[in-house]
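Okay, structure first, notes after.
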Amino acid sequence: MTDPSRRTPILLVEDDDDHVEIISDVIREAGLKDELVRATSLKAAEEIARRIRPWVVLLDLGLPDSSGLATAKAFLNRLPELAVVVLTASTDHALGLAAVRCGAQDFLSKGRLSPEILRRALTYAFERRHLQLALEGKQRAVEAFASIASHDLRGPLGRIRTLGQFLKEDLDIPPGSEASEHLRLMDQNVHRMQRLIDDLLRFARVGKEGLKHEVFPLADAVDGAAALLAESVEASGAEIAKQELPNVHGDRGLVENLLQNLIGNAIKFVRNDVPRVSVQAEENEREHVIRIADNGIGIDPGCLSKIFEPLQRAVTPTEFEGSGLGLATCKSIVEAHGGRIACESSVGHGSTFLFTLPKASASATGERPDESI
Ligand code: ADP
């Protein structure tokens, strides 16, 4: 992507001469000194864009060789790295929004152009696309790492485990001996490493395959998560109480994984007590707010902002096992659904994790839920 301080042209894709004149005037008034290059059709726009690499593209959707959303889709599919601001007629708010959902950075209605609005839209479009590309690069690096981890680390780890077993048998190591204890610790560490790899893979893959959208009873997802946690529920005697829970809209597998992480933590981070977990939900016009409360050790409020970051933990690994990827995975899952996640806690007084899931109607219209948590 081009550095904005060394600006290259703005590409204006517009076939109407009168509109070009008006837009050029506004660009001049906005103090944007970039050279303005014009294309009058989609085909020409693609050719020119490939050649001149504009720092931003102003794209009219009604062109001689393409019209409406198809124009934005075609251009963005073929030149996805460019920052595109779509030009619409003043009444086409829905069309502009649809173009943004296809990857355009913004939309401007031609009838309401002002130098200030235009300068802001173009500059933000460039900056946003620049940041998105950097993030996409990081995401690719994480995925590449995850795939290396899965293929190149799993194999040797499995072999270490098997070789440990062979050693035990070959040397006829008696149970309870020091050597047997060393082999047990080796096996335990290999097991931990395998879990870390699994967690890392799960984290890297959230939402990569696209969300499956369905409506399902949240209570069933809680039961599914509890079944996956059967071993720790049984070992700890944990009680999981769920109040009346609504039907929710989203990817059932991911929501179950989210609940498994949150309920699993609620059971794990308890000292000298039987874990008691409660799952409740309330709703407002746009979203469901789900709360998972526990009677565990609680979290220092100073740590609350970092626990959702990958590999961040607020406990010592010797006391509580874990990879520090569970809540980061939860955050990715919730955000992939358009929701938010937060935690209320204090040391010694348990924790309550809250997450929101937009209702089907709100996610369809793309409205932002209220930002109260
Ligand atoms: P892990 O459980 O593998 O340590 P997570 O990402 O799930 O990693 O959680 C990050 C950290 O947040 C934990 O290490 C712990 O310090 C804290 N935490 C998460 N859930 C709870 C909980 N229910 N009660 C107390 N602390 C918690």
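The values are calculated or read from the model by the stated rules, or taken from the named source; none is laboratory data. Just so it is clear, the model here is predicted, and its values are computed rather than measured. Neighbour counts run over all protein chains shown; Cβ positions are idealised from the backbone, glycine included. Heads up: the accessible areas ignore ligands, DNA and RNA and are worked out on the full protein's heavy atoms, side chains in. Shrake-Rupley method; radii C 1.70, N 1.55, O 1.52, S 1.80 Å.
Test of understanding: what is the full-extension gain from Asn272 to Leu36, defined as 0.36 nm times their sequence separation minus their Cα-Cα distance?
Value of the extension gain: 77.9 nm.
Give me a comma-separated list of calculated 3J(HN,Hα) values for segment 242-248, in order, Karplus coefficients 6.51, -1.76, 1.60 applied at θ = phi - 60°, integers in Hz, x for any Gly or Pro.
Values per residue, Gly and Pro as x: 10, 7, 4, 10, x, 7, 10 Hz.
With every protein chain present, what is the per residue accessible area of segment 279-325 (1.4 Å probe, Å²)?
Using a 1.4 Å probe on heavy atoms only, each residue of segment 279-325 averages 50 Å².
Enumerate the amide H contacts of Glu283 below 5 Å, restricted to partners 5 or more residues apart or on another chain; note that Pro and chain-start residues carry no placed amide H.
Amide H to amide H, under 5 Å and 5 or more residues apart or across chains, Glu283 pairs with Val289.
Give me a comma-separated list of calculated 3J(HN,Hα) values for segment 346-359, in order, Karplus coefficients 6.51, -1.76, 1.60 applied at θ = phi - 60°, integers in Hz, x for any Gly or Pro.
After applying 6.51 cos²θ - 1.76 cosθ + 1.60, I find 8, 4, x, 10, x, 9, 10, 9, 10, 9, 10, 10, x, 6 Hz.
Percent of accessible area on segment 241-326 owned by carbon and sulfur, 1.4 Å probe?
The computed percentage sits at 44.
Calculate how steeply helix 154-170 sits against the longest principal axis of the alpha-carbon atoms of the chain, using the helix alpha-carbon long axis, and give the answer as 0 to 90 degrees to the nearest 10.
10 degrees
Hey, if we sort His182, His151 by accessible area with the 1.4 Å probe, largest down, what's the order?
Details: His182 110, His151 135 Å².
I get His151, His182, largest accessible area first.
What residues have an amide H closer than 5 Å to that of Thr8, excluding those fewer than 5 places away on the same chain, when H is modeled at 1.01 Å from N in the peptide plane?
So Thr8 has HN proximity to Trp55.
Run the accessible area of segment 11-132 with a 1.4 Å probe and give the carbon-and-sulfur part as a rounded percent. Mind showing how you got there, number by number?
Working: 2990 of 5820 Å².
The nonpolar share, carbon plus sulfur, comes to 51 percent.
Could you compute how much accessible surface Phe203 exposes when probed at 1.4 Å, giving the result in Å² to the nearest 10?
Rounded to the nearest 10, that gives 50 Å².
Using a 1.4 Å probe on the protein heavy atoms, what percent of the accessible area of segment 158-239 belongs to carbon and sulfur?
About 55 percent, which is the carbon plus sulfur part of the accessible surface.
In nm, to one decimal, how far is the Ala44 label point from the Asp152 one, both placed 7 Å along Cα→Cβ?
About 5.0 nm separates the two model spin labels.
What does the accessible area per residue of segment 34-94 come to in Å², with a 1.4 Å probe and no ligands, DNA or RNA counted?
Heavy-atom accessible area per residue stands at 43 Å².
Could you derive backbone 3J(HN,Hα) for segment 132-143 from the dihedral phi with the Karplus parameters 6.51, -1.76 and 1.60 (θ = phi - 60°), listing whole Hz in sequence and x where the residue is Gly or Pro?
Listing the rounded values in order: 4, 5, 5, 5, 4, x, 5, 4, 5, 5, 4, 5 Hz.
Give me the accessible area per residue for segment 152-246, probe 1.4 Å, as a whole number in Å².
Heavy-atom accessible area per residue stands at 67 Å².
Once amide H atoms are built 1.01 Å from N in the peptide plane, which residues 5 or more positions from Phe107, or in another chain, come under 5 Å H to H?
Residues meeting the criterion, in which the H sits 1.01 Å from N, are Val86.
Accessible surface of Arg291 in the full protein assembly, 1.4 angstrom probe, to the nearest 10 Å²?
Its heavy atoms expose roughly 60 Å² to the probe.
For the chain, report the translational diffusion coefficient in µm²/s to the nearest whole number, using Stokes-Einstein at 10 °C, 1.306 mPa s, and a Kirkwood Rh over Cα pairs.
65 µm²/s
With r defined as the distance between the Cβ atoms of Arg112 and Lys138 and R0 fixed at 35 Å, what FRET efficiency is calculated, to the nearest 0.05?
It comes to 0.45.
Rg (Å, one decimal) plus Dmax (Å, integer) for the alpha carbons of segment 201-360?
Calculated on Cα positions, Rg and Dmax stand at 14.8, 44 Å.
Using a basic spin-label model with each label point 7 Å from the Cα along Cα→Cβ, how many nm lie between Glu321 and Thr123?
My value for the distance between the label points is 5.4 nm.
Of Cys102, Cys343, which has the most accessible area and how do the rest follow, probe 1.4 Å?
Heavy-atom accessible area, descending, gives Cys102, Cys343.
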